Each structure stands twice: as structure tokens, then as C-alpha cells.
1. May I ask you to rank 69, 143 by accessible area, largest first, using a 1.4 Å probe over the protein chains only?
2. Under 5 Å between amide hydrogens, which residues at least 5 positions from residue 130 or on another chain qualify, with H placed 1.01 Å from N in the peptide plane?
3. Going by a ≥ b ≥ c, the root eigenvalues of the Cα gyration tensor, does region 155-200 fall in the rounded group (a/c under 1.5), the prolate group (a/b larger than b/c) or the oblate group?
4. If r is the Cβ-Cβ distance from residue 186 to residue 90 and R0 is 41 Å, what FRET efficiency results, to the nearest 0.05?
5. In whole Hz, what ³J(HN,Hα) sequence does region 147-161 give by Karplus (6.51, -1.76, 1.60; θ = phi - 60°), x for Gly and Pro?
6. Answer with one residue from 161, 173, 188: the one whose Cα lies farthest towards the positive end of the charge dipole of region 155-200, charges on Cβ with Lys, Arg +1 and Asp, Glu -1.
Amino acid sequence: MELGRLEYLQALVTEFQVTDSQGNPRHCCLLIFFRLSMFPHTPDASLLAEAKEQVLANLANFAYDPKNYEYLRQLQVLDLFLDTLTEDSETLVEFAIGGLCNLCLDKTNKDYILEANGVEPVINCLSSSNEETVMSAVTTLMYLTTPQSRQQTTALPVVECMLRFSLSANRRLSNLATVFLEDYCTPPQVEEARSLSKHTAVGIPLPKD
């Protein structure tokens, strides 16, 4: 095991977990000290939010490399990503779903996410106004689809949503949604969703371009 890599990832996780259960500061990122020295009048809350975003972005980037999968599981980063999907910050959610999208290519990670009831929070990301978050959510649902999970990943509201996305002027989104409909849904599922929604998924807005 590469201790240097593990220790670095551990440091990132520690920096991200900046508050305890009572909401009291526990760790302070080096980035905050740097920014305070450069911009002393910037509110601490703003610095903390920026630091968390940068750390989470780094963890999501490490999720690209299969060599890191074991370390990330050991450090419970999958849980960290799943928990972050419910954050108010669109930026944090974007990085978290991006990290999960990378990790669920691995069967062990996929099984863990499914067992942790991770499909529902991923589906909730489809309502984001952030294009990258929606793209990652759609792709993640594809990766998470198995014979056992298909009923949940291709539930009627999801298929209705994909029908609407397939009509988007955003070519990236429409193409990806079309692939989802053609490769992961059955024709009867698509027809049922089409007849119920008439191509309109109520309450699920298209992401901003």
C-alpha cells in the first residue's frame, strides 16, 4: 500500500470535515490561512465554503484513478460523497456526484452505493439547475443499473425526466438522455412514461446551459 498516497487522501478528508456534530470548527484548511493572509477582510464563512469546495474537487479528481479506489473506500469517501448530495451548495453537489460517477465504474464501489441506498439521492440530482450535475447524475444512474437495481434506476419518474431531457436544446444532455432511454429502458417503459407525461416531467426543470 502506498502510504504517501493514502496519507494525502486522509489529509484531504480531514480538511473537508471541518465541523463536528455541534457545528463547531474542528480543523482549519491551510487554504483558509493563505486566503486570510492575502484577503484579511473576507468573511470566514466564505473562506470555509471555498476551502471545502476545493478539497472536494480534489477528492473527486482522485476518484478518476482506479488505483485510489481501495484508499477512498477505506477513508469512507463514498459516504462523504453521498452525504454531500444533500448539501445546499450546488458546487459541492456537482463535485460529489462527479466523484460518485467516477467511483461507480468499479463493481465493489457500485455495490456499496446500491447497498447504501444511494440511488435516490442520485435521482434527486436530476432536478439540479447545474448542467454538469445533471450529466453526472444521468451517467451515474447508467452505471448503477443492474438487474436488481433496474426497477429503481428506471422508475417511471426517471423515464419521464429522460424523455424531457431528450427534447432539450442542449445536445449533450439530449444525446445522453436518448442513450439512457434506448439502452436502459424497455419500450413499454418509455411508452408508459410518454403517455403519462406527454414529454413533460412536472417539477423537474431543465438545467441551465
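The values are calculated or read from the model by the stated rules, or taken from the named source; none is laboratory data. Treat the numbers as computed from the prediction; the structure is a model and nothing was measured. Neighbour counts run over all protein chains shown; Cβ positions are idealised from the backbone, glycine included. With ligands, DNA and RNA removed, areas are computed over all heavy atoms of the protein, side chains included. Shrake-Rupley method; radii C 1.70, N 1.55, O 1.52, S 1.80 Å.
1. Greatest to least solvent exposure: 143, 69.
2. Those qualifying (amide H under 5 Å, at least 5 residues apart or on another chain) are 208.
3. Oblate is the answer for region 155-200, as a/c is 1.5 or above yet b/c matches or exceeds a/b.
4. On the way: r = 33 Å, r/R0 = 0.81.
Using R0 = 41 Å, I get an efficiency of 0.80.
5. With coefficients 6.51, -1.76 and 1.60, one gets x, 7, 9, 4, 4, 8, 6, 10, 4, 3, x, 5, 5, 4, 4 Hz.
6. 173
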